[in-house]
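In what follows, a single structure is set out as structure tokens and then discussed.
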Amino acid sequence: MGTGRESAENHAKKDLSNVPSGREINGNEDTSRNLFELAVQRNACFADGLIVVGNRENRQLSENSLQKIGISEYKDIVEATPRNTAPAIAFAAFSANPDDILLVTPADHIIKEGKDYEKAVKRAIELAGQDHIVTFGLKPLHPETGFGYIEFDEEEVISFREKPDLETAKRFLEEGRFLWNSGMFCFKAGVFLEELQKFEPEVFAKSQLAVQEAKDGRLEIKASLDIPSISVDYAVMERSDKMKVVASEFEWSDMGSFEAIYDYLFAQGHPVDEMGNMVIGSNNYTAFVGLRNSILVCTPDANLVLQKADSQEVKKIYEQLEKQKSLLLN
């Protein structure tokens with residue numbers, strides 16, 4: 001295992017850390033833990049260290065959560081501005097020893113703990129110890145168009161596939177050679193950084209510089225803005241010949257769309273009106289007229305209105321804001 005294992009919680013992308021879980025943990029209903037806290041606790045038995053990568057707005061939330069569950073020793077990396085998942089993971093890797101094995105798990109996933117999860121993580125750690133970069137693939141339960149897919153043969157990654165249309169998703173399900181891409185990874189820090197340097201040398205160099213210039217784990221805005229924004233899938237996973245996949249059977253939801261968030265909150269008793277409309281983030285009286293299965297999302301500086309069935313289209317708004325270099329993304 002080299003010099004040790006660390007768990008890198010990528011808490012940078014969505015602020016769901018204060019959403020109560022309402023999940024069953026080992027048969028007991030636990031409503032006192034939010035998703036971030038559950039992610040840390042779920043992986044504590046596999047790790048002897050913790051790295052939290054998050055943005056400035058989430059830092060106080062994660063700090064409060066870790067105090068709540070009795071964790072005071074951890075590395076805290078505070079992003080000045082989001083630069084996507086490849087730099088976020090690089091920040092954690094640069095903060096670890098090269099032989100440390102990192103278990104990279106987003107903090108907003110819902111995962112049922114138990115033997116299936118334990119089996120998958122232990123196998124991933126074994127493969128990472130052999131200098132592989134490991135991704136976790138979930139056996140698809142239905143033709144989902146909101147997830148990327150991994151084509152596989154046992155533990156070999158054949159290809160990564162973009163989010164498919166419905167007909168393609170149905171074909172993937174029928175063929176049985178495809179897994180949902182979970183966005184969870186396991187690898188030695190040094191192995192990941194070697195691959196990042198090979199395929200994206202600018203991301204490698206500028207992420208390294210940002211970490212070196214950080215003050216008490218806080219990244220500087222100028223150094224951060226110089227880092228190209230790119231996902232870890234595009235930067236490394238789809239290009240590396242070191243990839244392995246662990247086909248996993250644990251229950252999982254990545255909360256990656258507002259439809260998934262709607263379904264999760266609805267299951268926890270969050271109110272909807274008689275037409276299935278839901279408000280997230282506001283207690284103000286809200287009336288939906290002539291709308292069905294719609295979602296109103298309220299934040300301090302922006303609001304979003306969408307049809308539940310069209311939640312995957314929100315990414316187009318993000319892309320538009322990125323092109324405009326909107327301050328909403330800072």
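The values are calculated or read from the model by the stated rules, or taken from the named source; none is laboratory data. Note that the structure is a prediction, hence the values are computed from the model and not measured. Glycine gets a Cβ as well: all are built from the backbone with ideal geometry, and neighbour counts include every protein chain shown. These area figures cover heavy atoms from the full protein model, side chains too; ligands, DNA and RNA do not enter into them. Shrake-Rupley method; radii C 1.70, N 1.55, O 1.52, S 1.80 Å.
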Connecting C-alpha atoms closer than 10 Å in a GNM of the chain, tell me which of F91, F187, F147 has the biggest fluctuation. F147
Report the per residue volume, in Å³, of the convex hull enclosing the C-alpha atoms of region 271-324. 90 Å³
Taking amide H positions as placed 1.01 Å from N in the peptide plane, with prolines and chain starts having none, which residues 5 or more places from G183, or on another chain, fall under 5 Å of its amide H? F136
Output the antiparallel fraction of DSSP beta bridges having both residues in region 222-330, as a percent to the nearest 5. 60 percent
For the chain, percent of DSSP beta bridges that are antiparallel (nearest 5) comes out at 55 percent
Of K75/K122; K242/K316; K75/K222, which sit over 27 Å apart, Cα to Cα? K242/K316
If I take every Cα pair under 8 Å that is 6 or more residues apart in region 146-229, average their sequence separation and divide by the length, what percent do I get for the relative contact order? 20 percent
So what is the relative contact order of the chain, in percent, for Cα pairs below 8 Å that sit 6 or more residues apart? 19 percent
Give me the accessible area per residue for region 263-310, probe 1.4 Å, as a whole number in Å². 67 Å²
Starting from region 73-150, pick out the GluC sites (Glu not before Pro) whose DSSP state is loop and whose Cβ has at most 14 other Cβ atoms within 10 Å. E73
FRET efficiency (N284, S159; Cβ distance; R0 56 Å; to 0.05) is 0.75
Reachable lysines from K119, criterion Cα separation under 16 angstrom, eight or more residues apart if same chain: K139, K244
Diffusion coefficient, µm² s⁻¹, Stokes-Einstein with Kirkwood Rh over alpha-carbon pairs of the chain at 4 °C and 1.567 mPa s: 63 µm²/s
What list of ³J(HN,Hα) values in whole Hz, one per residue of region 81-93 in order, does the Karplus curve 6.51 cos²θ - 1.76 cosθ + 1.60 (θ = phi - 60°) give from phi, with Gly and Pro shown as x? 7, x, 10, 6, 7, 5, x, 4, 6, 4, 4, 5, 5
